[in-house]
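What follows is calculated from the coordinates using simple rules that are stated; it is not laboratory data. Computed from a prediction, not measured in an experiment: that's the story for all the values here. Positions of Cβ are generated from backbone atoms using ideal geometry, with glycine treated the same way; all protein chains shown enter the neighbour counts.
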Amino acid sequence: MAHVAIADQEQEFHEPATFITKYIWSQDHKVIAIQYSITAIFVGLVALVLSGMMRLQLGFPDSFNFIDPSAYLQFVTMHGMIMVIYLLTALLLGGFGNYLIPLMIGARDMVFPYLNMLSYWTYLLSVILLLASFFVVGGPTGAGWTLYPPQAILSGTPGAGAGITLMLLSLGVFIVAFTMGGLNYVTTVLQARTKGMTLMRMPLSVWGIFTASILGLLAFPALLVSAIMMLLDQQVGTSFFMPALLSLGEQTDYTGGSPILFQHLFWFFGHPEVYIVALPAFGIVSDVIATHARKNIFGYRMMVWAIVIIGGLSFIVWAHHMYVSGMNPYFGFFFATTTLIIAVPTAIKVYNWVLTLWQGNIHLRVPMLFSIGFIFTFTHGGLTGLFLGNVVVDLPLSDTYFVVGHFHMVMGVSPIMVLYAAIYHWFPLVTGRYLHTGLGKLHFWLTFLGTYAIYLPMHYLGFLGVPRRYYAMGSTDFIPDSAEPLNASITVAAIIVGAVQIIFIVNLIWSLSKGRKSEPNPWGATSLEWQTPEIPPKHLNWGEKLPVVHRWAYDYSVPGVSQDFIPQNMSEAEVERLKT
Amino acid sequence: MLRNLLEKPWLPQPDNVVGGNAAVAVPTSAERIALRFFLAIVGVIFFLFTITFLSRSQYPDFQALAGQPWQPLSNPWQLWLNTVCLLLACASLQWAVSASGKDKADFTRMGIRFAQLFAILFIVAQYLLWQKLHGLGFFVASNPANSYFYLFTGIHALHLLGGIIALARVSLKFRQNGSLPKLAANISLCATYWHFLFVIWLLLFALLASSPETYRTLAAMCGFLR
């Protein structure tokens, strides 16, 4: 019995005594999770400010002197890279993965606590390297978050010197950090589950995080490989990706490399990355919805299978990002087909969330509001994905604001909605206090409606043919004058939504000390993380004895039982006593 | 795994089920699971490098390092020498594994030392080969085939260096508390990693010393022909 070997092994666990070992060089998964979360939210706020400055330029061109074309491109690049990798990946896997996995499967900690600590500090190093590029000569890279060669490393692109070097190094360091973390998450799920916790009794959050970790472990190497080769192209002058070309009127030393090769590598990482972000969000939102609707998740096994199938399919759809790069039409056909097939398991998940809500005892608390908001934003973002997955529709829409609207809806707003749901849901567990409900509802409505005010008009701009990544439109014949006030209104909405996040931050800080104290299991949840002897859970989580699991995580409103939830660690005998 | 995934957790279940990992017949340590995933990652890295290599090999400026008599890897006696070196390193480590299983501390120690010695020798020999190629005018950036040669051997050497450091940690622990049964598992993990790197090296060797015709065939199989 492998699990006993790790979970109950007789080694001594010393509680860290000093402040430094407890909160700084901590090996406790909960502390590491909070370190990850705070760092990720901090860089996320930097990226949010960057997006605000982009919108200022787009909404009111030529009104702000400090935003020149170079600065604009640098804002675009850093905003995208930070949001996708340093915020979403780090917060969902490093933050929530770290906090939830051991608690939800009934383990005392990650399997390799030291490696876990190292993972966080390596991540912090990658963040510092990334932010350092704001302070070097030439500033951060402005190559676009996809970093396509040849322009990424040619002079003329902002930050082509130290900026891009730091970016590539930072990505490399991040991948090392993620690999250490990911190995930990996967091994912990496979090896440290407590007695009775079979794979099919795990909460969907764990399934999502587990599958996403495997995806990350297999997909990030592609980014590493392309970063290494690009770094060599830049520093040593090899021609892996760089074609023979003229730069600023001079013949470069590069010979016939292939920029398309980079695109393939990048998107072989880039598409699974979408699901590295989405799958944990899918899992978490399933648990939040089931808990606050007091109903078992509809089609649990289908949900698990859908997560696994989406994970597998995500590796064979990457070239749908490259339809305009030019490819054999049969390849385009293949990738369009796989892209549309991936919509099937995804739609199954959406239906199941809706069916879980159907005739549920819905409590419209803040986490539930954000979860329902997620169903809306994800459905809208997903449907535009069907448009873009088809080659003939994608070709005219490619590189327009339609694409910007699509991917912000599906992998920007949606995972953020789930993150907020998760923070409002688990805050009482982490701190023992509630977040303020009134502020939370205000935060939800302004964010939810505000994101629609931002991204719906972008779809329309895209249909008009407004290209993305442009510093300013100037006078362009095919774009009607009405696009200008529309852009201004998007900017106003974006500034409001950005400012609204201050409410959230204030709520977070205020509730930490002044929030209403929560009872041990405030939402009446069944999963193990709420069943610890102390809330918030102490070092090693479970006191003397590990919990024993008797059931799946979704026994809500079971007929004939007086209490509307049965925790996973409650045995049949105890349930008998609850029967009326 | 499949049986686990077909479970129906929502049906009433007998309470004596303890499940968890009890279903796994052969207990596998967490370290070994993690190592397997790590090997998968390393495998993906080299796989992707190889794929880009095959694609890049079909561009007109690519001049393979083997195939014609005057090209440096057409008679790769030096690479064979290095390969033997790495093979000896792996064999010594395997010897250490079997010695540690039989609780023979001296042989284990000797096996580990030989393994480290041969592995370092391999890296030094690879470096000498780099210098020789460089001396012959095959610079890193002068041709993509050269770039790939330095890239492949360099990344492989870095991975081996990681393996040497891991093994050094094990032998340090060995010196400190000397309890064999506890360390036997660690040595065996190191051995698995080294064997894996040896196999990777064989594949890289075969790839690097192949002729342009072979590249063309492989590239055709991948659909890379231009």
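Each residue of the stretch A:391-400 was assigned a 3J(HN,Hα) from its phi angle through the Karplus expression (A = 6.51, B = -1.76, C = 1.60, θ = phi - 60°), giving 4, 5, 7, 5, 4, x, 8, 4, 6, 10 Hz with x at Gly and Pro. Within chain B, the proportion of C-alpha pairs whose separation exceeds 21 Å stands at 64%. Only Cα sites of the stretch A:103-195 enter the Debye sum here, all with the same form factor; the resulting log10 I(q)/I(0) across q = 0.16, 0.17, 0.20 1/Å is -0.69, -0.73, -0.85, listed in q order. Once you divide the Cα radius of gyration of the stretch B:58-174 by 2.2 N^0.38 Å, the number left is 1.32. Quick one: how many lysine pairs does chain B have with C-alpha atoms less than 23 Å apart and a gap of 8 or more or different chains? Give me the count, please. Close lysine pairs under the 23 Å cut-off: 5.
What is the distance in Å between the Cα centroid of the stretch A:105-136 and that of the stretch A:48-68? Rounded to whole Å, the Cα centres lie 32 Å apart. Largest first, the extents of the alpha carbon coordinates of the protein assembly as shown on the three principal axes equal 89, 82, 50 Å. Taking the 0 to 90 degree range and rounding to the nearest ten, how far is the long axis of helix A:162-191 tilted relative to the main principal axis of chain A, both from C-alpha atoms? Approximately 20 degrees, to the nearest 10.
Comparing B:166, B:115, B:141 in a Gaussian network model of chain B (Cα springs below 10 Å), the most mobile by mean-square fluctuation is B:141. Entry note, the stretch B:42-222: relative contact order of 34 percent, from Cα contacts under 8 Å with a spacing of 6+ residues. Database remark: amide H of residue A:247 closer than 5 angstrom to the amide H of A:252 (H placed geometrically; neighbours at sequence offset of 5 or more, or on other chains; Pro and chain starts carry no H). Rounded to whole Å, the principal axis extents of the Cα atoms in the stretch A:523-580 read 37, 23, 17, largest first. When you filter the chymotrypsin sites (Phe, Trp or Tyr not before Pro) in the stretch A:425-484 for DSSP loop state and at most 12 other Cβ atoms inside 10 Å of their Cβ, you are left with A:478. Amide hydrogen proximity for residue A:257: with H placed 1.01 Å from N in the peptide plane, the residues at 5 or more positions away or on another chain lying under 5 Å are A:242, A:244. Neighbouring Cβ atoms from other chains, within 10 Å of the Cβ of residues in A:177-190, number 3 on average. Residue farthest toward the positive end of the dipole of the protein assembly as shown, with Cβ of Lys/Arg at +1 and Asp/Glu at -1: which of A:57, A:151, B:118? Positive-end residue among those listed: B:118.
For chain A, find the longest principal axis of its Cα atoms and tell me its angle to the long axis of helix A:437-464, 0 to 90°, nearest 10. It is inclined by approximately 30 degrees. With respect to chain B, whose longest principal axis is taken over its alpha-carbon atoms, helix B:105-135 is tilted by about 20°. 3J(HN,Hα) couplings calculated from phi for the stretch A:254-268 with the Karplus curve 6.51 cos²θ - 1.76 cosθ + 1.60 (θ = phi - 60°) are, in sequence order, 6, 9, x, x, 10, x, 4, 4, 4, 4, 4, 4, 4, 7, 5 Hz; Gly and Pro show x.
Could you work out the longest stretch of chain A that avoids the GluC sites (Glu not before Pro) located in DSSP loops with at most 14 other Cβ atoms within 10 Å? Could you put the intermediate results ahead of the total?
Details: sites that count: A:10, A:12, A:534, A:544.
Longest run free of exposed loop sites: A:13-533.
In debye, nearest 20, what is the charge dipole magnitude of the stretch A:523-580 about its Cα centre with +1 on Lys and Arg Cβ and -1 on Asp and Glu Cβ, if you could check? Don't skip to the end; give the middle numbers.
Numbers: 5 positive and 8 negative charges, 8 e Å.
That gives a dipole near 40 debye.
Cα-based radius of gyration for the stretch A:365-518, normalised by 2.2 N^0.38 Å, reads 1.22.
Other chains' Cβ within 10 Å of B:144-151 residues: what's the mean?
Values: counts 7, 0, 1, 9, 3, 0, 3, 7.
Average per residue, whole number: 4.
As a rough guide to protection, the peptides A:403-414, A:384-395, A:308-319 ranked by mean Cβ packing within 10 Å, highest first, stand as A:403-414, A:308-319, A:384-395.
Straight-line cross-link reach from residue A:514 at under 24 Å between alpha-carbon atoms covers these lysines, not counting any fewer than eight positions away in the same chain: A:22, A:30, A:441, A:538.
Relative to the Cα centre, the charge distribution of chain A, modelled as +1 at Lys and Arg Cβ and -1 at Asp and Glu Cβ, gives a dipole magnitude of about 1360 debye.
Backbone phi angles across the stretch A:27-41, fed through the Karplus curve with coefficients 6.51, -1.76 and 1.60 (θ = phi - 60°), yield HN-Hα couplings of 10, 7, 4, 6, 5, 4, 4, 5, 4, 4, 5, 5, 4, 5, 5 Hz in residue order; Gly and Pro are listed as x.
How high is the relative contact order of the stretch A:523-580, in percent, counting Cα pairs under 8 Å that sit 6 or more residues apart? Walk me through the intermediate numbers first.
Numbers: 66 pairs, mean separation 21.1, N = 58.
Value for the stretch A:523-580: 36 percent.
Relative contact order for chain A: what is it in percent, counting Cα pairs under 8 Å that are at least 6 residues apart?
Values: 947 pairs, mean separation 89.3, N = 580.
Averaging sequence separation for qualifying contacts and normalising by length gives 15 percent for chain A.
Amide hydrogen proximity for residue A:400: with H placed 1.01 Å from N in the peptide plane, the residues at 5 or more positions away or on another chain lying under 5 Å are A:468.
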